[in-house]
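Q: Below you'll find the structure I mean.
The values are calculated or read from the model by the stated rules, or taken from the named source; none is laboratory data. None of the values given here were measured: they were computed from a predicted structure. Cβ placement follows ideal geometry from the backbone for every residue including glycine, while neighbour counts extend to all protein chains displayed. Side chains are part of the model used for accessible areas, which takes the heavy atoms of the whole protein and leaves out ligands, DNA and RNA. Shrake-Rupley method; radii C 1.70, N 1.55, O 1.52, S 1.80 Å.
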Amino acid sequence: MEALHISNSLTRRKEKFQPLNPPFVGMYVCGPTVYSNVHLGNVRTFLTFDIVYRYLQLLNFKVRYVRNITDVGHLTGDTDDGEDKIGKKARLENLEPMEVVQQYTNDFHDVMDLFNILRPSIEPTATGHIVEQIESIKKILANGYAYEVNGSVYFNVRKFSEDHPYGELSGRKIDELMNNTRELDGQSEKRDPLDFALWKAANSSHLMQWPSPWGQGFPGWHLECSVMSTKYLGEKFDIHGGGMDLKFPHHECEIAQNIGATGCDCPVNYWMHGNMLTVNGRKMAKSEGNGFTPEELVTGNHKLLDKGYSPMTVRFFMLMGHYASTLDFSNEALQAAEKGLSKLEKAMETLSKLNPSAGEGTFDVESFENKCRAAMNDDFNTPILIATLF
Ligand SMILES: [Zn+2]
């Protein structure tokens, strides 16, 4: 049987999985920004890496799984000039930012539990790693890949790209990026529109801010993942995962920061990206009115739902699609999943009541198990695995 192979988003090839220090495996997955309730698209991403985590353990790897909580620095519009998403929520609802963080972290954990998604080994927060982020910025500055303006520090993409590849993960070429990016208006402090913030100066009204060598401020969104992944998994580690929408700019910036700080040319060996959930062919999004909350799904209380579905039906439904493909959410597909799951559950129940007969059976258990493992070894192919079970 073939060993485990993973589709690597960085090389765009399916590659044999070889951990750096077997039997140990280090895996980092970008977690939620805790300013609103998670929706089902998020659940699909975390379910994908739940399967990866569980399967690696089944293969007897000792996995350190780090999944962060973003509780500062993620600005509205995913830009460098928006308002902090958590700070905004706190301002509008007259709460402490940490109350917002706690409320939605609790919600996130409840939803993960509902779908039987295992907790990671470490769940670090951005606000818990301000010191490390400042240290990392100092290194990037010392290596010449960042510059300071008015108390903010920006990553110098053009300078970095002279020495290292930039855009490999997302398949973007720096010249095209330069041409396609809006010209900076006179207000911007950046030398180049491609540059991104490592540290942003904060005025006195900004809710979350810390002292730094550049004055009071807060870290840029991309930096926390570079810092927390390398702190717990090393300068070079095995697997980095996240949703497809994070490939650019978030993950591209992460790679540049890691290389810019440590000089390690390939900080992550395998990049994995989970694809999105669509509803009747359209992307699931709050603005489209088709982003179910887990609660609506269970109660069936949503105009697009014929009825409620159990969390395990939804989990099973999601596994009927391969993580790297889009998955379309429809009542028909969910009802098919419900039937399939119930059939499997009945079979499990029957199996538990059977007494094995003496002597040789006609069913070849070993070859059946091998088929199941072969499906999973082929880039965690859960739809083939499920087909094998029927
Ligand atoms: Zn991240």
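Q: Rounded to the nearest Å, what's the spacing between the alpha carbon centres of the range 231-266 and the range 287-319? Just the number, please.
A: 33 Å
Q: Please give the FRET efficiency for GLU93 paired with GLU295, using the beta carbon to beta carbon distance and R0 = 25 Å, rounded to the nearest 0.05.
A: On the way: r = 20 Å, r/R0 = 0.80.
Computed FRET efficiency for GLU93 and GLU295: 0.80.
Q: From the Cα gyration tensor of the range 75-141, with a ≥ b ≥ c the square roots of its eigenvalues, which class applies: rounded if a/c is under 1.5, or else prolate if a/b is larger than b/c, or else oblate? Numbers along the way, then the final one.
A: On the way: a/c = 2.18, a/b = 1.23, b/c = 1.78.
Oblate, because a/c is 1.5 or more while a/b does not exceed b/c.
Q: Measuring with a 1.4 Å probe in the full set of protein chains, what accessible area per residue, in whole Å², belongs to the chain? Walk me through the intermediate numbers first.
A: On the way: 18740 Å² over 390 residues.
With the other protein chains kept in place, the chain gives 48 Å² per residue.
Q: Still on this structure: What full-extension length gain, to one decimal in nm, is calculated for THR326 and ASP245 as 0.36 nm per residue of separation minus the Cα-Cα distance? It would help to have the intermediate numbers written out before the result.
A: Values: separation 81, 0.36 × 81 = 29.16 nm, distance 1.23 nm.
Taking THR326 through ASP245 to full extension adds about 27.9 nm, to one decimal.
Q: If you don't mind, there's one more thing I want to ask. Starting from 0.36 nm per residue, how many nanometres of slack lie between LYS346 and LEU20 once their C-alpha separation is accounted for? Please report the intermediate quantities before stating the final value.
A: Values: separation 326, 0.36 × 326 = 117.36 nm, distance 4.17 nm.
Once the chain is fully extended between LYS346 and LEU20, it gains 113.2 nm.
Q: Could I have the simple spin-label model distance between LEU354 and THR76, label points 7 Å from Cα toward Cβ, reported in nm to one decimal?
A: The two pseudo-label positions are separated by 6.0 nm.
Q: On a full-extension model of 0.36 nm per residue, what is the gain between ALA3 and GLU83, subtracting their alpha-carbon distance, rounded to one decimal in nm? Write out the running numbers ahead of the final one.
A: Details: separation 80, 0.36 × 80 = 28.80 nm, distance 4.66 nm.
Here the segment from ALA3 to GLU83 would lengthen by 24.1 nm.
Q: For the chain, rounded, prolate or oblate, judged on the Cα gyration tensor with a ≥ b ≥ c (square roots of eigenvalues), a/c < 1.5 rounded, else prolate if a/b > b/c?
A: On the way: a/c = 2.18, a/b = 1.60, b/c = 1.36.
Judged from the Cα gyration tensor, the chain comes out prolate (a/c at least 1.5, a/b above b/c).
Q: Where a ≥ b ≥ c are the square roots of the eigenvalues of the C-alpha gyration tensor, would you call the range 277-389 rounded, which needs a/c under 1.5, or, failing that, prolate if a/b is larger than b/c, or oblate? It would help to have the intermediate numbers written out before the result.
A: On the way: a/c = 4.03, a/b = 1.88, b/c = 2.14.
Here the range 277-389 falls in the oblate category.
Q: Next question, about the same structure. Tell me the carbon and sulfur percent of the accessible area for the range 13-274, rounded to whole percent, probe radius 1.4 Å. Write out the running numbers ahead of the final one.
A: Numbers: 5070 of 11170 Å².
Here carbon and sulfur together make up 45 percent of the probe-accessible area.
Q: With charges set only on the Cβ (+1 for Lys and Arg, -1 for Asp and Glu), what does the dipole of the chain come to about its Cα centre, in debye to the nearest 20? Mind showing how you got there, number by number?
A: Details: 39 positive and 51 negative charges, 100 e Å.
That gives the chain a dipole magnitude of about 480 debye.
Q: Loop-only check: which trypsin sites (Lys or Arg not before Pro) in the range 6-81 are DSSP coil with at most 12 other Cβ within 10 angstrom? Working shown, then result.
A: Details: sites: ARG12, ARG13, LYS14, LYS16, ARG44, ARG54, LYS62, ARG64, ARG67; in loops: ARG12.
Hits after loop and neighbour filter: ARG12.
Q: Over the range 228-337, what is the relative contact order in whole percent, taking alpha-carbon pairs under 8 Å and six or more residues apart? Don't jump to the answer; show the numbers that get you there.
A: On the way: 119 pairs, mean separation 26.6, N = 110.
Relative contact order comes out at 24 percent.
Q: Using Cα-Cα distances under 8 Å and only pairs 6 or more residues apart, what relative contact order does the range 277-389 have, in percent?
A: Reported relative contact order: 23 percent.
Q: Using amide H atoms built in the peptide plane, which far-off residues or other-chain residues are under 5 Å from VAL29 H to H?
A: VAL66, ARG67, ASN68, GLY241
Q: Follow-up question, since we're still on this one. Can you figure out the FRET efficiency of LEU304 with ALA336, using R₀ = 22 Å and their beta-carbon distance, to the nearest 0.05? Intermediate values should be presented prior to the final figure.
A: Working: r = 17 Å, r/R0 = 0.76.
Calculated transfer efficiency: 0.85.
Q: Using the beta-carbon distance between ASN179 and ASN143 and R0 = 30 Å, what value does 1/(1 + (r/R0)^6) give for FRET efficiency, to the nearest 0.05? Before the final figure, lay out each step's value.
A: Numbers: r = 27 Å, r/R0 = 0.91.
Working from the Cβ atoms, E equals 0.65.
Q: Would you kindly state the longest site-free stretch of the chain, with sites defined as GluC sites (Glu not before Pro) in a DSSP loop (not H, G, I, E, B) surrounded by at most 10 other Cβ atoms within 10 Å?
A: Numbers: sites that count: GLU2, GLU183, GLU360.
It runs 3-182.
Q: For Cα pairs less than 8 Å apart in space and 6+ apart in sequence, what is the mean separation divided by the residue count of the chain, i.e. the relative contact order in percent? Don't skip to the end; give the middle numbers.
A: Values: 598 pairs, mean separation 76.0, N = 390.
About 19 percent, as a whole number.
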